[in-house]
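Step one of this worksheet: look at the structure below.
Here, each number is a calculation from the coordinates, and none is a lab measurement. In this text, all values refer to a predicted model and were calculated from it rather than measured experimentally. Cβ atoms come from the backbone with ideal geometry, glycine included; neighbour counts cover every protein chain shown.
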Amino acid sequence: MSENLLEVDDLTVTFETPAGPTDVVRSLSFAVGEGRSLGIVGESGSGKSMTSLAIMGLLPGGATRSGRISLRGQELTSMSEPQLRKVRGDRVAMIFQDPLSSLNPYYTVGLQIEEAYRSHRPRVTRREARRVAIESLERVHIPDAAKRVDHYPHQFSGGMRQRVMIATALSMEPDLLIADEPTTALDVTVQAQVLDLLREVRQDTGASLIFITHDLAVVSEIADDVLVMRHGRQVEYGSAEQVFSAPEHPYTRALLDAVPRIDDDITDLRILAAEHGGSA
């Protein structure tokens with residue numbers, strides 16, 4: 001069994017509201033092994049993204065966290081903001097859901113990758129940073145990367161912009177990638193390409209992955225372990241094989257039952273088509 005890269009113990013995230021403190025993540029505990037992938041799944045509002053922001057130390061104003069978060073034994077929750085800035089991007093990188101809102105429209109994608117890289121490698125030259133930007137784009141299979149590095153975000157498709165975000169995260173060669181619903185806004189074909197790319201990245205770099213989604217079908221393709229959340233709490237946690245073959249919690253079973261299957265009974269579809277004078 002691999003050693004743990006990340007350990008989260010009794011994590012609670014609390015928001016101050018006019019009605020008083022409200023916990024949006026409640027006593028959450030899990031671990032991510034070296035080179036392994038964890039899928040965090042649940043409906044909207046279950047606390048998935050807030051968990052990732054707590055790990056990164058990027059909680060919004062009015063939110064506090066308690067509990068323990070450690071990366072290779074180094075406690076993150078006790079770090080100062082300058083110390084956390086050295087960890088973010090360099091050792092733990094995040095891929096956000098909407099690349100168009102994450103990329104600055106006024107700067108080329110190359111400049112943005114270079115800026116992220118030089119923020120953690122201040123002694124490198126501009127020329128070296130540009131080389132890293134091109135290599136990062138090549139790694140995520142952006143065609144003609146040496147030319148595309150000087151293009152702006154609006155000149156890329158949605159899938160290509162997401163590749164740029166992955167390239168930015170990879171430029172520092174982090175130990176842990178956190179992907180917060182990176183395929184939600186993409187069509188099925190592009191989604192499959194991004195998943196293939198993340199699998200390839202893990203294989204090539206040995207990085208661990210936290211993949212956050214509401215889609216259990218996606219989790220089944222990419223995760224070694226699965227954490228199911230509801231109302232800020234953990235309701236199921238175990239290996240992907242265990243969770244998908246023998247789910248213990250009714251909520252997990254309900255999520256699995258909601259996944260469309262090609263062997264489902266299509267009688268209702270045939271009846272509906274017949275009522276409208278067509279065929280299924």
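Worth a mention:
- Helices (runs of 4 or more DSSP H) contained in the range 28-143 and holding at least 3 residues out of contact with any Pro (no Cβ under 9 Å at 6 or more places or on another chain): 48-56, 81-87, 109-120, 126-139
- Verdict on Q74 being more than 18 Å from the chain's Cα centre (by Cα), within 24 Å of L209 (Cα to Cα) and free of Cβ contacts under 8 Å to residues at least 12 places away in the same chain: yes
- Taken together, A54, A93 contain a single residue that is in contact (Cβ under 8 Å) with a residue 60 or more places away in the chain and of a type in the set (G, A, S), which is A93.
- The condition of being under 20 Å from I178 (Cα atoms) and free of Cβ contacts under 8 Å to residues at least 40 places away in the same chain holds for only one of A19, A31, that being A31.
- Hits in the range 1-42 - residues which are surrounded by 13 or more Cβ atoms within 10 Å (Cβ to Cβ) and charged (D, E, K, R): E7, D9, D23, R26, E34, R36
- Among residues that are without any contact (Cβ under 8 Å) to a residue 60 or more places away in the chain, crowded, with 19+ Cβ neighbours inside 10 Å, of a type in the set (A, V, I, L, M) and more than 24 Å from M50 (Cβ to Cβ), A116 is not included.
- Only a single item in (1) of a type in the set (A, V, I, L, M, F, W, C); (2) surrounded by fewer than 16 Cβ atoms within 10 Å (Cβ to Cβ); (3) not in a helix (DSSP H, G or I) is not met by M172, and it is number (2).
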